[in-house]
Amino acid sequence: MRGTSPKVWNSWKAQLFEETYELTKRALRQGLETPVEQDQLINEKKNQALELLASYQIDAQVAKEYWDKLGKNYLFSCKPEEIAWHTSLILKGPTSEINHSLAIKDIEGQIGTKVLVHADQEQFAFAITTSLFDEFGLSITDARIIPLNTGHSLSIHTVLEQNGKAIDESFRKEKLLRKLKSSFGIKDSESIKITRKIPRQARMFRTPIQVEFATDNLNQRTIMDLITGDRPGLLAEISNVLRDNGIWIRMAKIVTVGERAEDVFYITTENSKPLSETQQDELRKKLINVIDNQDM
């Protein structure tokens with residue numbers, strides 16, 4: 001929520017407050033001295049997801065075995081409705097020869113259009129998807145990149161049209177899905193041309209670039225906070241810089257509504273280690289240089 005302008009109000013922001021309220025209410029009922037354990041929350045999500053999976057005609061035991069391969073991080077990060085949808089898509093998806101699954105859906109009770117990408121971690125799906133979202137003029141309000149124990153990653157994006165609503169026209173969803181499928185044959189995301197112009201308001205008000213790092217020793221990763229002015233192609237540029245320097249996005253929280261972007265990336269080296277101070281300094285310089293040059 002802090003990544004949005006205090007003057008901006010839309011249905012997505014309303015849902016964030018509603019979810020925060022429900023989680024707080026549950027915590028108070030449980031008692032702050034007896035917080036809900038992670039395993040308990042995961043088991044509750046599994047049971048709810050299994051109920052939903054009945055309509056997808058997927059065997060419960062098969063789903064449980066698949067979830068064991070994904071790891072707790074995935075189950076803890078997603079809602080039951082999302083877990084059921086993802087599981088049905090992946091277990092009923094294409095063969096490993098294609099090596100990726102893509103889908104677009106509006107989930108009942110949730111704001112925005114969800115775009116799911118299940119792909120090999122080496123495909124740098126984040127750069128491809130963000131480039132296309134920018135080209136389609138979609139605002140990315142949230143993005144979770146969850147590395148799975150299977151060697152794949154699951155990218156879950158929530159996107160809105162410029163009017164702050166989900167993608168309404170079915171033909172537009174189909175066009176986006178077709179473009180995504182064809183783009184996964186392109187290994188260089190720079191081949192995806194972004195022709196959308198920078199909005200006049202963004203050109204008039206310049207947000208100073210800030211790149212800060214913190215080391216998460218417990219999870220062996222680096223947390224990168226990046227603040228700058230939002231514009232078409234920004235996330236693709238950031239992703240390309242990370243990729244070119246052998247840095248992996250393990251998870252991201254993208255909140256870019258209005259003219260200001262405040263994004264958080266959880267990153268590691270190729271060897272799954274946090275960045276050294278020298279690597280952080282070098283990455284900061286390269287990001288500022290790329291973003292500054294594009295702003296000119």
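Throughout, read-outs are computed from the coordinates displayed, never taken from laboratory work. If you're wondering where the values come from, they're calculated on a predicted model, not measured in any experiment. Heads up, the Cβs are rebuilt from the backbone with ideal geometry, glycines too, and the neighbour counts pull from every protein chain shown.
Tabulated data
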{"quantity": "Rounded to whole Hz, the Karplus (6.51, -1.76, 1.60) HN-Hα couplings of the stretch 165-174, x for glycine and proline", "calculated": "10, 5, 5, 8, 6, 5, 5, 6, 5, 5"}
{"quantity": "Those GluC sites (Glu not before Pro) in the stretch 44-115 that DSSP places in a loop and that have at most 14 other beta carbons within 10 Å", "calculated": "Glu97, Glu108"}
{"quantity": "Cα pair distances in the stretch 217-283, grouped into 5 Å bins until the bin that holds the longest one, percent each", "calculated": "4, 16, 28, 25, 16, 8, 3, 0"}
{"quantity": "For the stretch 250-289, convex hull of alpha carbons as volume per residue, Å³", "calculated": "75 Å³"}
{"quantity": "Low-density loop positions, trypsin sites (Lys or Arg not before Pro), the stretch 96-177 - DSSP coil, at most 14 other Cβ in 10 Å", "calculated": "Lys165"}
{"quantity": "The stretch 219-237 versus the stretch 57-71: alpha-carbon centroid distance in Å", "calculated": "33 Å"}
{"quantity": "Neighbour-limited loop hits for GluC sites (Glu not before Pro), the stretch 125-190 (at most 15 other Cβ within 10 Å; DSSP other than H, G, I, E, B)", "calculated": "Glu169"}
{"quantity": "Under-5 Å amide H pairs with Arg260, H placed in peptide plane, nonlocal only", "calculated": "Asp230"}
{"quantity": "Cross-link pairs Lys181/Lys273; Lys46/Lys72; Lys92/Lys175; Lys114/Lys273 - those with Cα-Cα distance over 20 Å", "calculated": "Lys181/Lys273; Lys92/Lys175; Lys114/Lys273"}
